[in-house]
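In what follows, a single structure is set out as structure tokens and then discussed.
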Amino acid sequence: MGDPRMALPTEDKSKVANIVGNNLPNFRRLPDWALDPTLNARLTQDMSPIKRGNMVRRLPKFFRSKLYFQYQKKYQIPQLEFNKMLEASSDESGTRINRREGGGFEQRIASEPPEELRGEIRGVIKSTVSWPSTSQSLKGPVTAGAARTWRYMKEKVEKYREGKEKDRIKKLEKESEKKD
């Protein structure tokens, strides 16, 4: 999200799905007890507003501050009040370890309808990723030279085509399974 290279025919659109999918079996092997067929266990995540607020609070500082500013605008919180909230929730301390628990503001963010929260988070991800990836793309030809950049682009286009072909084959296989 936010990487302009993903809009060009130079990146495999399934890149993230491939990374996750190829590593999923390894994640499933982590808890040996989960594979015990005699054990009747089910993993669940506590999705209470307090726990979800804690998840928001534990986001990386830079990303979290961008998300907070989005919600400051959305909730129309006056700047002075907002600054006090940020100061109260500061986790910068060289002498102690904070549990970084979310307060009312974080719980309010986490209580948003999932579609709206997802949209806000996606917007922050895009704004976080877009500038570094754009500048990296623009620096490539300057630092690597034209010939190297051309070779690199050809490789990326080939990977893109391979990804498209894999997607096409998967789609055909699914359609074939439905007919059977």
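The values are calculated or read from the model by the stated rules, or taken from the named source; none is laboratory data. What you are looking at is a predicted structure, and each value in this text was computed from that prediction instead of being measured. Cβ placement follows ideal geometry from the backbone for every residue including glycine, while neighbour counts extend to all protein chains displayed. Remember, those area values only see protein heavy atoms, side chains included, never the ligands or the DNA or RNA. Shrake-Rupley method; radii C 1.70, N 1.55, O 1.52, S 1.80 Å.
Those helices (runs of 4 or more DSSP H) of segment 89-180 in which at least 2 residues are in contact (Cβ under 8 Å) with a residue 60 or more places away in the chain and surrounded by 12 or more Cβ atoms within 10 Å (Cβ to Cβ), considering only elements entirely within it, cover 114-144, 146-179.
Against the definition (in the same structural domain as GLY103 (by the TED database), at pLDDT 90 or above and open to solvent by 90 Å² or more (accessible area, probe 1.4 Å)), how does GLN72 come out, yes or no?
No; evaluated as a whole, the condition is false for this residue.
Condition check for ILE77 on (1) part of a loop (DSSP other than H, G, I, E, B); (2) at pLDDT below 85: one failure, at (2). Only one entry of PRO37, PRO4, PRO25 meets the criterion of being surrounded by 10 or more Cβ atoms within 10 Å (Cβ to Cβ), at pLDDT below 90 and either among the hydroxyl-bearing types (Ser, Thr, Tyr) or not assigned by the TED database to the domain that holds GLY119 (or both), and that entry is PRO4. Of the residues VAL16, VAL56, only one is among the hydrophobic types (A, V, I, L, M, F, W, C), open to solvent by less than 80 Å² (accessible area, probe 1.4 Å), under 15 Å from the mean Cα position of the chain (by Cα) and not assigned by the TED database to the domain that holds GLY163; which? None of the others qualify; the one that does is VAL56. Out of all the residues in segment 42-51, is one or more over 29 Å from GLU112 (Cα atoms) and at pLDDT below 80? No, segment 42-51 contains no residue that is over 29 Å from GLU112 (Cα atoms) and at pLDDT below 80.
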